[in-house]
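The values are calculated or read from the model by the stated rules, or taken from the named source; none is laboratory data. All figures in this text were calculated on a predicted structure; none of them were measured in a lab. So basically every Cβ, Gly included, is an ideal-geometry build from the backbone, and we count neighbours across all protein chains shown.
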């Protein structure tokens, strides 16, 4: 546009720009990213997704109030009501070691006796407590894995794209190799190897999911950087002699990062699926840790009587499905917004 | 196209090297004595014998030497027998399976293959057809249902879906039992008259003309098949649909219509072949999904395939077995990716003619 306007007189340019009101938000994000955000906020499906995610964030934040822990230092341990193996039905009374009553209990339930709202699973672990605190586990694992894989992906992808040539070639072949193993199996192996070495906790599974989860981000950011590298303003920066590292960090990455960032934030749901699958198989946390997959895995020993004990799979299963669906609804809308054919439309 | 295929073939040894290095690297987390399960059956308890084994199988040597022996194994000078050597198909000894890992895979893989064939074939045949229908009749019921189904489907963890299936179809209704086959058909399969042609139970049953065994096997596989494939149904349908929609908007389709071709020819002869290109990529991707999926599915339904064996081994921290499965899966994926890429060249004229 600059060529069409004679120098010194750029009224035409000024008019074209001011024809549209540019909000603060749009100036901050840039037009392309602004379009992505607005697209997400306008689709009903993604609004439903945001509501679901918000709901779970609230539960995670309010966990100590909704279900106060018996031992405040170790809240992720699901309190047990005795040691009998057979699950107890929903609404049965809490007999031994009652945890403190939450503030809302008496006014809603009309009693000062803790009951197992959603029943107990094998070994008398309280299902309700497991679901509430499991929300925190879901966010913790999801965030940790997503942030780590995102950072690794960004670093590897930008090195690969910026240097190109043989560096790019070698890195991309390494990515291919990492992608050759089925994700869940690869994570299963690494978690199996790590568990005896660093002990039963969240970490073997988290490290395993990070090790085999960064490749997609590396590929996406690489593609975005490759296209941005060719833009005129990068050439301009080169011409005036800006340092390589400054071009990469100040000019390329900030402009290329946004789609990957949004994708990554939505992967928080997917990570939880893989994590739950691992802990369902008995890899990762110790028995009784507040984690949805763990609570579900108790059901494996009660398959033939699932019609009686349906609550040990339906409730944690519902929490897991709703949580992941929240992210998927937003993700589905995002795919439409990011679709290059949609560019230019709002 | 020939150069493309040759270039692609040259990638195979590179990938094989990469995957073996990756798995070998993970083996390094184990202590030398744990690694000796790669070569010997029973790990002795006394220290002297242990040291002897470590020396004999070079478990204390530098990395590159160890890697080489892991690949080719060592030949015992006195007996002339080879121990270890993944290139010769010896993946070590499985503690949880109580047999060599290679034998364990050989015994169980046919069951997994049988299951995956039945899970994939209907998806490819019917799923693609449904996707085309959803695109041709845009915004119809199929179209909307496909979208909802795919969002709900991808949010549903395999094991939750599997457990719910068990709850309804096995415990409540008693239609489909878990496991591989009933006792009655197990007797038939083990009897003299039942010949093994393919080692895949359903196909053998058909070839032997035993429809009762075939139906019994299908009855046991119904739930695993559905659990393994519901995500594929959703994704195949959607990808076919969007790719078909895009193709139908192209100008050459308008040209074909203007020429006066029948709508049937326009859709199935002009549009569909081009719309299949992304679907082929997806097919390759779904092999990865399936191989991961069998681990959970087989565990939930107690189906004796390689996935269940891997899950059992992992739960008991039997690393040698799990790594053996990883290696095997890696091989399958390298081959299937190769097939997909070649197929890609066949369906996509841009690749074929360049």
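Going by what's in this entry, would residue A:282 be described as within 12 Å of chain B (Cβ to nearest Cβ) and modelled with pLDDT under 85? Yes.
Which one of the conditions (1) within 14 Å of another protein chain (Cβ to nearest Cβ); (2) within 22 Å of residue A:58 (Cβ to Cβ) does residue A:143 fail to meet, given that it meets all the rest? The failed condition is (1). For the stretch B:109-125, the criterion of being without any contact (Cβ under 8 Å) to a residue 24 or more places away in the chain and within 22 Å of the chain's Cα centre (by Cα) is met by at least one residue. Just checking, does the stretch B:43-60 include any residue being within 14 Å of chain A (Cβ to nearest Cβ) and at pLDDT 75 or above? No, the stretch B:43-60 has no match at all. On the basis of being surrounded by fewer than 22 Cβ atoms within 10 Å (Cβ to Cβ), at pLDDT 85 or above and more than 10 Å from every other protein chain (Cβ to nearest Cβ), does residue A:225 make the cut? No.
Of B:168, B:149, B:159, all but one fail to be closer than 30 Å to residue A:323 by Cα, within 13 Å of chain A (Cβ to nearest Cβ), surrounded by fewer than 19 Cβ atoms within 10 Å (Cβ to Cβ) and in contact with a helix residue (DSSP H, G or I) (Cβ under 7 Å, 6 or more places away or on another chain); the exception is B:149.
The rows are residues; the columns are (1) part of a helix (DSSP H, G or I); (2) crowded, with 24+ Cβ neighbours inside 10 Å.
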{"residue": "A:263", "(1), (2)": "yes, no"}
{"residue": "A:284", "(1), (2)": "no, yes"}
{"residue": "A:287", "(1), (2)": "no, no"}
{"residue": "A:303", "(1), (2)": "yes, no"}
{"residue": "A:313", "(1), (2)": "yes, yes"}
{"residue": "A:320", "(1), (2)": "yes, yes"}
{"residue": "A:323", "(1), (2)": "yes, yes"}
{"residue": "A:327", "(1), (2)": "yes, yes"}
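Please go through the stretch B:186-207 and give me each residue that is outside any loop (DSSP other than H, G, I, E, B) and either more than 22 Å from residue B:294 (Cβ to Cβ) or out of contact with any helix residue (DSSP H, G or I) (no Cβ under 7 Å at 6 or more places or on another chain) (or both), ordered by number. If the condition is that a residue be outside any loop (DSSP other than H, G, I, E, B) and either more than 22 Å from residue B:294 (Cβ to Cβ) or out of contact with any helix residue (DSSP H, G or I) (no Cβ under 7 Å at 6 or more places or on another chain) (or both), then B:186, B:187, B:188, B:190, B:203, B:204, B:206, B:207 are the ones that fit. Starting from the stretch B:171-182, take each residue that is within 11 Å of another protein chain (Cβ to nearest Cβ) and within 16 Å of residue A:300 (Cα to Cα) and list its partners that are at pLDDT below 80 and surrounded by fewer than 17 Cβ atoms within 10 Å (Cβ to Cβ), counting only C-beta distances under 6 angstrom and pairs at least six apart or across chains. Taking only residues 6 or more apart or on different chains, the pairs are B:171/A:307.
Let's see how each residue does on (1) over 23 Å from residue A:193 (Cβ atoms); (2) modelled with pLDDT under 85:
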position	(1), (2)
B:262	yes, no
B:265	yes, no
B:268	yes, no
B:292	no, yes
B:300	yes, no
B:304	yes, no
B:317	no, yes
B:325	no, no
B:329	no, no
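Against the conditions (1) surrounded by 22 or more Cβ atoms within 10 Å (Cβ to Cβ); (2) over 19 Å from residue B:179 (Cβ atoms), residue B:112 satisfies every one except (2).
When B:9, B:15 are screened for being in a helix (DSSP H, G or I), within 12 Å of another protein chain (Cβ to nearest Cβ) and on the phi < 0 side of the Ramachandran plot, only B:15 passes.
The number of residues in the stretch B:244-291 being surrounded by 15 or more Cβ atoms within 10 Å (Cβ to Cβ) and not in a helix (DSSP H, G or I) comes to 1. How about the stretch A:103-125: which of its residues are touching a residue at least 24 places away in the same chain (Cβ under 8 Å) and crowded, with 16+ Cβ neighbours inside 10 Å? Hits for the stretch A:103-125 are A:115, A:116, A:117, A:118, A:119, A:120, A:121, A:122, A:123, A:124, A:125.
Every residue, every condition in (1) over 30 Å from residue A:90 (Cα atoms); (2) in contact with a helix residue (DSSP H, G or I) (Cβ under 8 Å, 6 or more places away or on another chain); (3) crowded, with 24+ Cβ neighbours inside 10 Å, yes or no:
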site	(1), (2), (3)
A:145	yes, yes, yes
A:149	yes, yes, no
A:152	yes, yes, no
A:155	yes, no, no
A:170	yes, no, no
A:183	yes, yes, no
A:194	yes, yes, no
A:203	yes, yes, no
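Counting residues that are out of contact with any helix residue (DSSP H, G or I) (no Cβ under 6 Å at 6 or more places or on another chain), which helices (runs of 4 or more DSSP H) fully inside the stretch B:30-116 reach at least 3?
On the way: elements: B:32-35, B:47-56, B:63-72.
In the stretch B:30-116, B:47-56, B:63-72 are the helices (runs of 4 or more DSSP H) which contain 3 or more residues that are out of contact with any helix residue (DSSP H, G or I) (no Cβ under 6 Å at 6 or more places or on another chain).
Only a single item in (1) surrounded by 19 or more Cβ atoms within 10 Å (Cβ to Cβ); (2) at pLDDT below 80; (3) under 30 Å from residue B:248 (Cβ atoms) is not met by residue B:139, and it is number (1). Here the condition is being in contact (Cβ under 8 Å) with a residue 12 or more places away in the chain, touching a strand residue (DSSP E or B) at 6+ places or on another chain (Cβ under 8 Å) and within 13 Å of chain A (Cβ to nearest Cβ); of B:296, B:306, B:320, it holds for B:320 alone.
Residue-level analysis places residue A:165 among those that are surrounded by fewer than 23 Cβ atoms within 10 Å (Cβ to Cβ) and either farther than 23 Å from residue B:28 by Cβ or touching a strand residue (DSSP E or B) at 6+ places or on another chain (Cβ under 9 Å) (or both).
Within the stretch A:268-275, is even one residue surrounded by fewer than 17 Cβ atoms within 10 Å (Cβ to Cβ), out of contact with any helix residue (DSSP H, G or I) (no Cβ under 6 Å at 6 or more places or on another chain) and either within 13 Å of chain B (Cβ to nearest Cβ) or closer than 21 Å to residue A:217 by Cβ (or both)?
no
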